[in-house]
1. So how much accessible area does residue 531 have, in Å² to the nearest 10, using a 1.4 Å probe?
2. What accessible area, in Å² to the nearest ten, does a 1.4 Å probe give for residue 481?
3. Between the stretch 484-545 and the stretch 626-652, how many Å separate their Cα centres?
4. In terms of the Cα gyration tensor, with a ≥ b ≥ c the square roots of its eigenvalues, is the stretch 257-354 rounded because a/c is under 1.5, prolate because a/b exceeds b/c, or oblate?
5. Return the loop-located trypsin sites (Lys or Arg not before Pro) in the stretch 353-404 (DSSP other than H, G, I, E, B) with at most 11 other Cβ atoms within 10 Å of their own Cβ; answer none if there are none.
6. Output the relative contact order of the stretch 392-450, whole-number percent, from Cα pairs under 8 angstrom with separation of 6+ residues.
7. What's the lysine pair count for the chain at a Cα cut-off below 28 Å, pairs eight or more apart or interchain?
8. According to the square roots a ≥ b ≥ c of the eigenvalues of the Cα gyration tensor, what is the shape class of the stretch 362-480, taking rounded for a/c under 1.5, prolate for a/b larger than b/c otherwise, and oblate for the remainder?
Amino acid sequence: MTTESSPNAMDGAAAAVVQVAVHTPLHTRVGGLLSYSHTAPLPAGTLVRVPLGARQLLGVVWDAAPALPLPAQVQLRAVASVLQPLPPLPASWQRLVAFTARYYQRSVGEVATMALPPLLRKLSTEQLQRRLQRARPAPKAPPDRHAGPESEKIVALTAEQQTVCEQIESQSGPFLVYGATGSGKTEVYLHVVQQALARDPQAQALVLVPEINLTPQLLERFQRRFAPLWGAQAVVSLHSGLTEAQRINHWLAAHTGQARIVLGTRMAVLASLPYLAVIVVDEEHDPSFKQEEGARYSARDLALWRGRDVGAKVILGSATPSLESWHACEQGRYQRLDMPSRVGAAQLPTVRLLHMGQQPKHTVLAAPLLQAIVTRVQRGEQVLVLLNRRGYAPVLFCGDCGWKSDCPHCSAHQVFHQTDGRLRCHHCSASQRVPRHCPGCGNPDLLPLGHGTQQVQAQLEQALRNVLRPDGQPACIGRIDADTTQGAGQLQAQLEAMHSGAVDVLVGTQMVAKGHDFRRITLVAAVQPDSALYSSDFRAPERLFALLMQAGGRAGRDAHFMARQDSRPELWIQTLAPQHSLYQCLLQHDYPAFARQQLQERQQAAMPPFVFQALVRADAKTQEQAQRFLQAAADLGQTYAQAVGVFIYPPIPLAVQRVANVERAQMLLECSHRGALQKFLQAWQPYLHQLRTQHRQVQRWLVDVDPQTL
Ligand code: ADP
Ligand code: ZN
Ligand code: ZN
């Protein structure tokens, strides 16, 4: 607890001391609560502006007594203004923020500020008032049945959907809906949300999706379903793609209860939802639910905590659940609900493993695969080609002197981008024109090594240049990756081209593999997935399996289309290790077998979910400086760590050790009890802050609790 005092700050008679959560990097170590004076006590959750130094910051009045009575001579600065028109943030939101801060080792002020729309910092009281007016429901206005998107025809639930919905209705959860791709999980979410909201006219629902590019499609579906029932403004979205104005409007709608359904990416888990009754986490296994900057929270885990805290039902859904959730079901902590069949007699794709060891060397797309692609295009079907690497080739190489396109700032290669003739580092974004001659020896023939999405697209264009679709048009090869989707609306336009059938073959990274309900894809091919089998990250196989199942799940989703075409959906995998157990499980679509195997390995090796981890990272000019800080931290904590059963591993460099001329080191902490690890981290944190002042060369350090990438 710190006080923000100044000798002449007390204007007027201050009657009360208030604690305010603000985000100020300088004060992170003291918990982010500052004391101010105000003419009257303010209820906890009230939004205020307070002075700090020469600035004014947005803050939230926090329900905490000062640790010590203030000495009489300390004069507090006064709260600058109260965001009067806004109802205070509910106590449940404050608890969520407090928990998030504590669990992920951040300050309350930082988490609170992060959870609020940025525009709240800038708007005047009058501007806020006006926006609030708009967010408020028109008194008793009946929902306008003609406004907004067309209403959706309600489908009859399948037997599996029916059973799952009944279970969710009658039990308390949390639930894991383990449903095949295309089994109709979304319909279950819609149904459950509708039930909960119909039962209680105030109730709100939160629906979390992993990818921002999945929100428009889903949003439309929710709007079609619910606008006719509760008005066009009942459904709002919250994600980083919104403008600041949209973001605050949607946030206000949620905070005031006007919005009944909030659909968003991970950030939405921290929205103010005073009447939250049900939470859905779709594709709960997806790594993007973990925030990898600042407060490194897991939106899925917070959703579970929040649901339990406020008594809201939590429904996780996936075709390839995280091993954490799967394990939780086995322990009886979550309730598993299965939906093994696809809707409407649609079939899951047949998996084919294409042994690349039997193909000519340096083959990118094997001849049988190319043939299969041609056949599908000629029949008017679509193909998805998955390659998780953008650019043309990951490295440029000189066969004469061995020069490679290393990034001067990172321990990584610069990637060859053919479309604009540049070498580009995917870690620090440094880029340069492709050299005409080898910088090492002058050799004019530099060779691209390996392949990326641009190269696959080029090869497909070449191979399909004479192939016609049934309508007589030439085949069209599209590409979606981070390079083609930087502009606003670009991604949506490209997805639209796929949905409309303008594109026949889509080459893409993982961003197109998930969630999309493409209706005419019959073949999905993974070009080069093997590298994940040999990764040092123990979660890599889990992620690969999920990605391939998801990608395969884009094929054959429309039973009518498949029947009309007399076609069968297929997932092709080019691999050098067709016997690998991961692929063998995939052949059978046997996620449970894969999970069993992985969990067994993890248990034997004492890895999550059987143990709990935290990672401490430090960045410095040299690796030695970074590691020295970590080692000192370990030494300080060692005795207590042993006492509570936390094991501290030695510091090591990160897999990509240097990025933008910064050396990065990390140190892993492990414990078989979540609570003990938490206890240790709480006690240790102040020492780390202290230690940092003695290690000035350390540019930055952070703690990552339950890290998802090692
Ligand atoms: P998932 O999310 O499980 O992959 P979706 O919810 O996208 O699957 O459903 C797959 C397709 O089946 C969608 O086009 C959806 O509209 C359709 N669908 C879902 N439930 C039903 C149902 N009960 N009757 C008819 N079609 C359905
Ligand atoms: Zn050379
Ligand atoms: Zn770089």
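1. Surface open to solvent at residue 531 totals about 80 Å².
2. Residue 481 exposes around 0 Å² with every protein chain in place.
3. The two parts, judged by their Cα centres, are 41 Å apart.
4. Prolate shape, in that a/c is at least 1.5 and a/b is the bigger ratio.
5. When the trypsin sites (Lys or Arg not before Pro) of the stretch 353-404 are filtered for loop state and at most 11 Cβ neighbours within 10 Å, 361 remain.
6. Reported as a whole number, the value is 38 percent.
7. Final tally of qualifying lysine pairs is 14.
8. prolate
The values are calculated or read from the model by the stated rules, or taken from the named source; none is laboratory data. These numbers were taken from a predicted model, which means no experiment stands behind them. Here the Cβ is made from the backbone with ideal geometry for all residues, glycine too, and neighbour counts use every protein chain on show. Side chains are part of the model used for accessible areas, which takes the heavy atoms of the whole protein and leaves out ligands, DNA and RNA. Shrake-Rupley method; radii C 1.70, N 1.55, O 1.52, S 1.80 Å.
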